[in-house]
């Protein structure tokens with residue numbers, strides 16, 4: 001599961017812009033496998049937690065309508081260059097991953 | 001009496017122990033165990049039911065302070081539709097994005113920290129031509145804005 005996520009947190013003035021790209025199938029459970037004709041079970045990220053120096057700055061709840069290999073961007077204030085930023089997610093199968101980056 | 005108490009105490013300790021073991025065995029991650037993913041809201045078949053489940057209310061006040069900075073008028077591929085919502089209000093607590101005609105309209109909901117700007121961007125799937133609705137909670141009230149997106153190839157079926 002390593003290196004499947006790309007997270008960038010860039011500081012401009014007082015505002016940090018976060019851009020994240022996660023690798024995940026985000027299967028809706030409504031699509032049939034073309035070979036077997038059977039439904040591909042739902043498999044999607046449900047919660048994303050973004051932390052700046054251990055404090056939650058954004059928590060996202062996702063459903064099946066978030067596109068495959070999800071993209072997320074948002075902005076927050078109060079960070080300094082060199083601060084720690086962490087993004088972690090957990091999906092409906094209990095799989096989870098997190099990535100840590102340094103605010104540039 | 002003392003025996004009874006000891007029994008309860010023992011039971012409690014055993015239960016805690018089992019939970020502790022589940023945690024350490026990785027069966028339950030703390031995050032998954034505490035998850036409050038609102039299944040009912042995401043399973044809801046209508047915008048109203050999703051809102052009722054998520055906020056306990058369907059009372060929305062239309063607002064021109066909620067802007068779709070990004071959201072195409074025509075989406076050629078419904079599987080990947082970029083959307084970003086920016087809100088020119090103070091005290092925004094959460095931003096939720098719904099697609100009215102999707103089988104389950106609620107796509108996602110974002111709770112903002114105190115230092116987080118009222119802006120969020122992602123990419124969503126749209127099954128067919130639909131109105132995309134942003135619902136913003138600020139100061140305990142719900143505000144909304146909508147925009148119609150024409151979908152030429154749907155993104156929710158096989």
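Name the residues in segment A:74-95 that are within 7 Å of chain B (Cβ to nearest Cβ), surrounded by fewer than 17 Cβ atoms within 10 Å (Cβ to Cβ) and part of a strand (DSSP E or B), would you? Explain how you work it out, then say what you get.
Restricting attention to segment A:74-95, the residues satisfying the condition of being within 7 Å of chain B (Cβ to nearest Cβ) are A:74-78, A:90, A:94.
Within this subset, residues satisfying the condition of being surrounded by fewer than 17 Cβ atoms within 10 Å (Cβ to Cβ) are A:77-78, A:94.
Residue satisfying the conditions is A:77 alone.
Can you name every one of the strands (runs of 3 or more DSSP E) wholly within segment B:84-130 that holds 2 or more residues which are more than 8 Å from every other protein chain (Cβ to nearest Cβ) and touching a strand residue (DSSP E or B) at 6+ places or on another chain (Cβ under 7 Å)? Please lay out each step first, then the result.
Working: elements: B:92-99, B:106-112, B:116-124.
By residue number, B:92-99.
Test residue B:136 against the criterion of being away from chain A (no Cβ under 13 Å), crowded, with 20+ Cβ neighbours inside 10 Å, farther than 18 Å from residue A:71 by Cα and modelled with pLDDT of 95 or more, and give yes or no.
Values: away from chain A (no Cβ under 13 Å): yes; crowded, with 20+ Cβ neighbours inside 10 Å: yes; farther than 18 Å from residue A:71 by Cα: yes; modelled with pLDDT of 95 or more: yes.
So residue B:136 fits the description; yes.
So for segment A:21-29 (the condition being free of Cβ contacts under 8 Å to residues at least 24 places away in the same chain and either facing chain B (nearest Cβ under 8 Å) or more than 18 Å from the chain's Cα centre (by Cα) (or both)), does at least one residue qualify?
Residues of segment A:21-29 that are free of Cβ contacts under 8 Å to residues at least 24 places away in the same chain, as a first pass: none.
No.
Report, by residue number, each residue of segment B:134-145 that is more than 13 Å from the chain's Cα centre (by Cα) and assigned to a strand (DSSP E or B). Full working, then the answer.
Narrowing segment B:134-145 to residues more than 13 Å from the chain's Cα centre (by Cα): B:138-145.
Residues satisfying the conditions are B:138, B:141, B:142, B:143, B:144, B:145.
The values are calculated or read from the model by the stated rules, or taken from the named source; none is laboratory data. None of the values given here were measured: they were computed from a predicted structure. Every residue, glycine as well, gets a Cβ built from its backbone with ideal geometry; the counts of neighbours run over all protein chains shown.
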